[in-house]
Amino acid sequence: MFYTYKSYQNEGLGILSRLSKQAVLSILLLGCSFGCQKGDDTSAPLSITSTNIADGATDVDLKSEIRLDFNEAMDASTLTTSTFVIQRGVKIISGTVTCSSKTATFTPNYDLEAYTKYTCTITTGVISATGNALDNVYSWSFTTGVAPDEIAPTVVENSPLEAETYVLYDSHITVKFDEEMDLATINTSTFLIKNDDVMVSGTVSLGRNKAEFKPNAELSPGTIYTCTITKEAADLAGNTIENQHVWSFTTIPETISFNEGIQPIFKAQNCISCHNASRNPDLRNSNAYNSLINGQFVDATNPEGSRIVEMLNGSYHKDFTTQKDKQLILDWIKQGAKNN
């Protein structure tokens, strides 16, 4: 038997040796078509592996893009606003869809609305680069949060007032904003006080929406000071003021003028409506000084004991004038109560 098998084997090799190379290659390929068939494709079907906004997420940023990742590279032409759909109720949100390999992104044309539920849908019309399609529609939803603060803060009040005169030497300078501010942005680099080009040293404190500058020393008499809140001052959301806020004031001169510093107090506080010809002291412009002096309302030897000072600090008059007004009148008396 051994010799018989060997003879057959030699005969077969002889036949192959007589065939052309092309014929041998054809025989080998034909054999592979039967004996080397490829098995069934066991790769995973097309699926979505993740989304940047989880299903059921809340407090989502109104400026969000919606992204998702597939398990294989996609045919970008099949990812459109018809196959990647974002809805608010039944309203379809306008936007654009882009695709890069396995990632698709929906960018809304406008910010999303606050406290609103949105539904995202990927249809079976999306196809991978190898031709695979989703077996089922894929949907998820999320809810947005509060609208971001993008409004610039503004200064609504400052003290001393713009162009105010006779400001006390020990005054603190304050500004009030229309919202709570970031303490880190309100300091001596953003809250500036100057006398010409000379910077006033001091400390800055902030309580919610009010900032206060406290000079390290008393201000100089009869001096114009310029105050500036720079554009770096920001609210808690990081919004800075649109324009720097600038104003100025003038401190009390070394010599207080009765006509320019004291008489205007009586007019501003409407003291003249009561204190006129029918009641002393007569504080009308032409009579005020003589009425105060001759009526013994002023005691230059004991300024704090002057009747006018006691009246202004009494229970009846205490709310008719400010602390600044009272201090000016007292200082005028201390300077000799001059008719100047």
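List of remarks:
- If the condition is being within 51 Å of the chain's Cα centre (by Cα), within 13 Å of residue 326 (Cβ to Cβ) and in a loop (DSSP other than H, G, I, E, B), then segment 265-313 contributes only 269.
- Matching residues, segment 182-198, being surrounded by 14 or more Cβ atoms within 10 Å (Cβ to Cβ) and either under 15 Å from residue 214 (Cα atoms) or more than 18 Å from the chain's Cα centre (by Cα) (or both): 186, 187, 188, 190, 191, 192, 193, 194, 195
- Unmet requirement for residue 139, which otherwise passes all of (1) assigned to a loop (DSSP other than H, G, I, E, B); (2) under 30 Å from residue 50 (Cα atoms): (1)
- Evaluating residue 138 against the criteria (1) buried (at least 16 other Cβ atoms within 10 Å of the Cβ); (2) assigned by TED's automatic domain parsing to the domain that holds residue 217 leaves one unmet condition, (2).
- Total residues in segment 210-237 satisfying the condition of being farther than 15 Å from residue 189 by Cβ, at pLDDT 95 or above and within 18 Å of the chain's Cα centre (by Cα): the figure is 2.
- Restricting segment 74-99 to residues that are assigned to a strand (DSSP E or B) and either charged (D, E, K, R) or in contact (Cβ under 8 Å) with a residue 24 or more places away in the chain (or both) leaves a set whose member that is surrounded by the fewest Cβ atoms within 10 Å (Cβ to Cβ) is 91.
- Those residues of segment 52-70 which are in a strand (DSSP E or B), of a type in the set (D, E, K, R) and touching a residue at least 60 places away in the same chain (Cβ under 8 Å), in sequence order: 59
- Test: residue 321 is outside the structural domain of residue 168 (by TED's automatic domain parsing), surrounded by 15 or more Cβ atoms within 10 Å (Cβ to Cβ) and not acidic (Asp, Glu): yes
- Out of 147, 217, 129, one residue alone is surrounded by fewer than 16 Cβ atoms within 10 Å (Cβ to Cβ), aliphatic (A, V, I, L, M) and in contact (Cβ under 8 Å) with a residue 60 or more places away in the chain. It is 147.
- Inside segment 100-126, residues that are over 23 Å from residue 61 (Cα atoms) and either surrounded by 14 or more Cβ atoms within 10 Å (Cβ to Cβ) or at pLDDT below 95 (or both) make up a count of 4.
- Counting the residues of segment 231-249 that are over 17 Å from residue 151 (Cα atoms) and either in a loop (DSSP other than H, G, I, E, B) or without any contact (Cβ under 8 Å) to a residue 40 or more places away in the chain (or both) gives 1.
- Tally, over segment 100-133, of residues that are hydrophobic (A, V, I, L, M, F, W, C), touching a helix residue (DSSP H, G or I) at 6+ places or on another chain (Cβ under 8 Å) and in a loop (DSSP other than H, G, I, E, B): 1
The values are calculated or read from the model by the stated rules, or taken from the named source; none is laboratory data. Quantities reported herein were computed from a predicted structural model and do not represent experimental measurements. Every residue, glycine as well, gets a Cβ built from its backbone with ideal geometry; the counts of neighbours run over all protein chains shown.
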